[in-house]
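Right, one structure below, let's go through it.
The values are calculated or read from the model by the stated rules, or taken from the named source; none is laboratory data. Because the structure is a prediction, the values reported are computed rather than measured. Backbone-built Cβ (ideal geometry, glycine too); neighbour counts: all protein chains shown.
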Protein chains: 2
Amino acid sequence: MGPGPSDVDPRVLRAMAAPLVGHLDPAFLEIMNEAMELLRYVFETKNQLTIPMSGTGSAGMETCFVNLIEPGDRVVVCVNGLFGERMADVAARCGAEVARVEAPWGRTIDPADARKALRGGRPTKILAVVLAETSTGVWQPLAELERAAHEAGALFLVDAVTALGGIPVAIDASRIDACYAGTQKCLSCPPGLAPVTFNEEARKVVRGRKGKVQSWYLDLNMIENYWGKERFYHHTAPVTMVYALRESLRLIAEEGLTARFERHAQNGAALHAGLEAMGLKLHAEAGHRLPVLTSVAVPDGVDDIAVRRALLNDFGIEIGGGLGPLKGRIWRVGLMGHTSRRQNVALFLTALEGILGRLGFGVRPGAAWQAATRVYGG
Amino acid sequence: MGPGPSDVDPRVLRAMAAPLVGHLDPAFLEIMNEAMELLRYVFETKNQLTIPMSGTGSAGMETCFVNLIEPGDRVVVCVNGLFGERMADVAARCGAEVARVEAPWGRTIDPADARKALRGGRPTKILAVVLAETSTGVWQPLAELERAAHEAGALFLVDAVTALGGIPVAIDASRIDACYAGTQKCLSCPPGLAPVTFNEEARKVVRGRKGKVQSWYLDLNMIENYWGKERFYHHTAPVTMVYALRESLRLIAEEGLTARFERHAQNGAALHAGLEAMGLKLHAEAGHRLPVLTSVAVPDGVDDIAVRRALLNDFGIEIGGGLGPLKGRIWRVGLMGHTSRRQNVALFLTALEGILGRLGFGVRPGAAWQAATRVYGG
């Protein structure tokens, strides 16, 4: 129940134990086709260029920036958590002129600030934002940012690492030009692949580059020839990981996106209710809390590490600590994919209540789960 | 029996079906330590910085170049096959001034040519060479190149993607400064990780950089803080792939490096003898043929694709075709790791003999395996 990797369905684990075939074997090419088709379903897009990159989520981030940016391009990056910071760092390493739009870690980005930044210099090539900030638990609304980006003639780039498969991303309906995700969050697949999707606008930018992409490994102009009809060898695809991705996406298709989002929303709401009933404070801005990743303030006088160690050693539950300025100040609890289950909510609330009680933090036994139960309508 | 991915031992497949733990979980940190220690054994090095990068072999290549090169640095790249070409491309994308030392695809690099190139300009930062060229089957001798590099004050960088675990790499004894490999060849682990090792000289270069590494994802100055004592979060490690790597390295330690190299040498020699007894011509320069990857000329009048299709459909055997200038001209047969077995040699020779006979290419039934048997001393 940490911020990822999430638990993996046994069907996905079994898929990984299948024997290897070559990365140009006709049987594998079929599996690639199915994985791409299923990715389009989960991203809710018709984008042709929708593929898993051979690296973890951060490689997906780097894929978007190295392919879209040429040295000197202006990029506006929304920074309200660790992954916004990372985007700014990655963009700068590509030679971009980076303008930052900031909000405190735990608050959403104000679209008015983004508009100001978009106007504040030379024409902007990209507006980049994190939809689900894993470091804070904030769910960023996209609609106004999207309008601001497109009115300014910029591409709209979204980090959906922790979002994809857990909350709506809806690439086409949201008019997102380029987007990256990771497999180890709400897709409930082991870490190792980074799904990306580029619409025609974004593809045109990549194809029309003046210079080569600075990363050979992540160069989409070459990689799309391997995933496309040509099947031109680029690098050896991580075959086993593609087996796993296909199986995890099949599970999503079987459940259905709508049902899946509802499950995540309900379990997240139950967790939030339980934590608040326990007297704890949720860290993320009210109204913008992710159901898939919950940040909760470590209460005064309670030892962050002692609580996490007791959860891990006595209950086998891993949760995350705070990062950067939130180190030692929050816990991060993931309810992603296969991990997002009622029994996990019940177990976690019960375990935490007991541990906090033992540490002298006043809790009323059973109150948390009672509050959660009301969310489930029980 | 293609040029990789090789077959994977069932123990490695089972290791991948283990449940996920977090990338900062104490249990996982232990697994990382064990994987690093085993990698040092296989690389035959004491290098502290010996870790698996979170990408396939080409990401390992890019790791070496992006970390060691700053714009304007002079790099001498030995090019006698596809992977030498790729190194030249990757180095140029890092802003290097690339000087090429060439040999025909199938011949070794002449150290005299490398010496000339090292002298032919400003001081050279890196001499880069492929030890086992997967595109040609050539085994490049390193000793003279190493001396040339170090006499010129350059770092000696070696591509060991297809070598590691199949033929000696011996980092410390060979005085290699930086080296990368892949998991899907002679380590017999699925593709998805790229072991790299940097000695103190190379590390100093990375630490003393003037500018940031252009790739955030592959920045060793940050990544060694995750794999080192600090355990500082960088990106989510591909947990399942690390399970697999550890298990495949354990299998190597159980077999022992010497026995493993002998097994590869013997099966390779048997395959070579069998192919020649069949009247086929080996493509790589005599005396410099890899036992782990054999290139053989497609005989005149024989349909490359028809033979490979029959091998795959009738016998379940995948082999590789030629790449670049060798497209349609050679077959590439891998005997790597778990695939390097006497029964595979026997099956492949028998299958190929039958298929060629059916296509009207004059072969004497049984001759190939008879010749191979003599290598085995049977």
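Selection within the range A:77-108: residues that are part of a loop (DSSP other than H, G, I, E, B) and touching a helix residue (DSSP H, G or I) at 6+ places or on another chain (Cβ under 7 Å). The member of this set that is farthest from the other protein chains (Cβ to nearest Cβ) is A:W105. Could you tell me which of the residues B:P3, B:P52 is within 17 Å of B:G182 (Cβ to Cβ), touching a strand residue (DSSP E or B) at 6+ places or on another chain (Cβ under 7 Å), more than 8 Å from every other protein chain (Cβ to nearest Cβ) and part of a loop (DSSP other than H, G, I, E, B)? Testing whether each residue is within 17 Å of B:G182 (Cβ to Cβ), touching a strand residue (DSSP E or B) at 6+ places or on another chain (Cβ under 7 Å), more than 8 Å from every other protein chain (Cβ to nearest Cβ) and part of a loop (DSSP other than H, G, I, E, B) leaves just B:P3.
Which residues, counting only those in the range A:37-78, are acidic (D, E) and surrounded by fewer than 23 Cβ atoms within 10 Å (Cβ to Cβ)?
Kept after step one, since they are acidic (D, E), are these residues of the range A:37-78: A:37, A:44, A:62, A:70, A:73.
Result: A:E37, A:E44, A:E70, A:D73.
Which residues, counting only those in the range B:352-366, are within 25 Å of B:G106 (Cβ to Cβ) and part of a helix (DSSP H, G or I)? Of everything in the range B:352-366, those that are within 25 Å of B:G106 (Cβ to Cβ) and part of a helix (DSSP H, G or I) turn out to be B:L352, B:E353, B:I355, B:L356. Take B:E230 and decide whether it is in the same structural domain as B:D172 (by TED's automatic domain parsing) and surrounded by 14 or more Cβ atoms within 10 Å (Cβ to Cβ). Against the criterion (in the same structural domain as B:D172 (by TED's automatic domain parsing) and surrounded by 14 or more Cβ atoms within 10 Å (Cβ to Cβ)), B:E230 does not qualify.
Counting only residues that are within 11 Å of chain B (Cβ to nearest Cβ) and part of a helix (DSSP H, G or I), the range A:312-336 holds 3 of them. Please enumerate the residues belonging to the range A:193-225 that are more than 12 Å from chain B (Cβ to nearest Cβ) and among the aromatic types (F, W, Y). If the condition is that a residue be more than 12 Å from chain B (Cβ to nearest Cβ) and among the aromatic types (F, W, Y), then A:F198 is the only one that fits.
With respect to A:V12, is the statement that it is in contact with a Ser or Thr (Cβ under 6 Å, 6 or more places away or on another chain), facing chain B (nearest Cβ under 7 Å) and either assigned to a helix (DSSP H, G or I) or not acidic (D, E) (or both) true?
Details: in contact with a Ser or Thr (Cβ under 6 Å, 6 or more places away or on another chain): yes; facing chain B (nearest Cβ under 7 Å): no; either assigned to a helix (DSSP H, G or I) or not acidic (D, E) (or both): yes.
In short, no.
Of all the residues in the range B:227-269, those that are aromatic (F, W, Y) and without any contact (Cβ under 8 Å) to a residue 40 or more places away in the chain number 1.
Reported count of residues in the range A:15-49, each being in a helix (DSSP H, G or I), facing another protein chain (nearest Cβ under 8 Å) and of a type in the set (G, A, S), is 0. Number of residues in the range B:137-168 that are in contact with an Asp or Glu (Cβ under 8 Å, 6 or more places away or on another chain), over 14 Å from B:P291 (Cα atoms) and part of a loop (DSSP other than H, G, I, E, B): the value is 0. Of all the residues in the range B:245-284, those that are buried (at least 16 other Cβ atoms within 10 Å of the Cβ), more than 14 Å from every other protein chain (Cβ to nearest Cβ) and small (G, A, S) number 8. Filtered by the rule that a residue be on the phi < 0 side of the Ramachandran plot and either more than 12 Å from chain B (Cβ to nearest Cβ) or in a loop (DSSP other than H, G, I, E, B) (or both), the range A:227-244 gives A:W227, A:G228, A:K229, A:E230, A:F232, A:Y233, A:H234, A:H235, A:T236, A:A237, A:P238.
Of everything in the range A:190-226 that's basic (K, R), part of a loop (DSSP other than H, G, I, E, B) and in contact (Cβ under 8 Å) with a residue 40 or more places away in the chain, which residue is surrounded by the fewest Cβ atoms within 10 Å (Cβ to Cβ)? Looking at residues that are basic (K, R), part of a loop (DSSP other than H, G, I, E, B) and in contact (Cβ under 8 Å) with a residue 40 or more places away in the chain, I get A:K210.
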